[in-house]
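Inspection log for the structure reproduced underneath, given as structure tokens.
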Amino acid sequence: MPLDKFKDDPIFRMMLNQRGIYYFDQDGKIDLTNPKAVEAMEMLKKFDDAGLIKDVDGWNGVVSATVDGSVATVPFGAWYYGTIVDQAKDTNGKWGVFLLPAFETGGNRAANLGGSSWMIPASSKHIDEAYKFLEFFSTTKDIQLMAMEKYGLFPSLASAYDSELFTSGVQFFGGQKIWELFANEMKDIPTAYYTNDYAVALDEAIKAQADVFNGKDPKKALEEAAKRLKDRTKRE
């Protein structure tokens, strides 16, 4: 799998979400020392020790590894569909999709990575019009289905899941009903508590991951990251 080992932690984040935890708990307290977080970081180390991670340079490195076939899997959000279809046209029909492996027999295999946020600058001369456009785009079923089918932007609009598109096979993915798989997964994705200190937590989690890849014990690396995060955010 591709991963920028020292500058991003998407696989770690997915594993946290899959286990029902995140950087912070529902009360906004730092949760990086949760035993499940330690297990997730230990699993990343196992992947690396087994030679299952290709260290890449940022987003472009992930895409390049996808296109040139130097990785066998790309754990990412449903939105990565758009990248594969656009950037790896020659791989048409060669892809398949499956849920994340569970940590234990019968365990959860669903997780989220990313999502979108829209902001309208206060300095905008057309605030009302911008809001109306965003409302139209995000709450109109046909528009959401178009964005999904053409660009892989999987909708949060639940009413879209009743569309025939969700029971149709996707030729690029060998006829697999990938949208149905994603829709069925939605109900099992635990809530991720971001807080307004998410960016700081992401920074510290990436540092912890880098420390682990450089040989530090996962539990110790996360404890140190949690302490730094506490110092920077003043959270418990």
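The values are calculated or read from the model by the stated rules, or taken from the named source; none is laboratory data. Quick caveat, the model's predicted, so the values are computed rather than measured. Here Cβ is always computed from backbone atoms with ideal geometry, including for glycine, and neighbour counts include all displayed protein chains. Note: areas computed on protein heavy atoms with side chains; ligands, DNA, RNA excluded. Shrake-Rupley method; radii C 1.70, N 1.55, O 1.52, S 1.80 Å.
For region 37-45, indicate whether the set of residues that are out of contact with any Pro (no Cβ under 7 Å at 6 or more places or on another chain) and open to solvent by 50 Å² or more (accessible area, probe 1.4 Å) is non-empty.
The answer is yes; a qualifying residue exists.
Restrict the check to region 99-115 and report whether at least one residue is closer than 23 Å to Trp179 by Cα and of a type in the set (Ser, Thr, Tyr).
No: zero hits.
Mind listing whichever residues of region 17-35 are under 19 Å from Lys230 (Cβ atoms), of a type outside the set (Asp, Glu) and either part of a loop (DSSP other than H, G, I, E, B) or open to solvent by 10 Å² or more (accessible area, probe 1.4 Å) (or both)?
Within region 17-35, Ile21, Tyr22, Tyr23, Gln26, Gly28, Lys29, Ile30, Leu32, Thr33, Asn34, Pro35 meet the criteria.
Filter region 161-176 down to residues that are touching a residue at least 60 places away in the same chain (Cβ under 8 Å) and not in a helix (DSSP H, G or I) and give me whichever is farthest from Leu113 (Cα to Cα).
Gly174
Please work out which residue is nearest to Lys29 (Cα to Cα), limiting yourself to region 198-212 and to residues that are surrounded by 18 or more Cβ atoms within 10 Å (Cβ to Cβ) and of a type in the set (A, V, I, L, M, F, W, C). Even if it seems obvious, please write down each step before you answer.
Within region 198-212, the subset surrounded by 18 or more Cβ atoms within 10 Å (Cβ to Cβ) is 201, 204-206, 208-209, 211-212.
Subset that is of a type in the set (A, V, I, L, M, F, W, C): 201, 205-206, 208, 212.
On the way: Ala201: 11, Ala205: 15, Ile206: 18, Ala208: 18, Val212: 23 Å.
Per the criteria, the residue is Ala201.
Out of the residues in region 60-118 that are among the hydroxyl-bearing types (Ser, Thr, Tyr) and under 17 Å from the mean Cα position of the chain (by Cα), which is modelled with the lowest pLDDT?
Ser116
Among the residues of region 83-91, is there at least one that is part of a helix (DSSP H, G or I), under 26 Å from Met14 (Cα atoms) and open to solvent by 90 Å² or more (accessible area, probe 1.4 Å)?
yes
Let me spell it out: the conditions are (1) buried (at least 16 other Cβ atoms within 10 Å of the Cβ); (2) among the aliphatic types (A, V, I, L, M); (3) out of contact with any strand residue (DSSP E or B) (no Cβ under 8 Å at 6 or more places or on another chain); (4) over 29 Å from Ala147 (Cβ atoms), and Met14 meets all of them except one. Which number is the exception?
Met14 satisfies every listed condition except (4).
Considering each residue of region 132-160, count those that are open to solvent by less than 60 Å² (accessible area, probe 1.4 Å) and touching a residue at least 24 places away in the same chain (Cβ under 8 Å), and give that number.
3
Under the condition of being of a type in the set (Asp, Glu) and free of Cβ contacts under 8 Å to residues at least 40 places away in the same chain, which residue from region 213-230 is surrounded by the fewest Cβ atoms within 10 Å (Cβ to Cβ)?
Among those residues, the one meeting the criterion is Asp217.
Residues of region 188-209 being free of Cβ contacts under 8 Å to residues at least 60 places away in the same chain and either among the β-branched types (Val, Ile, Thr) or under 25 Å from Asn108 (Cα atoms) (or both), which ones?
Val200
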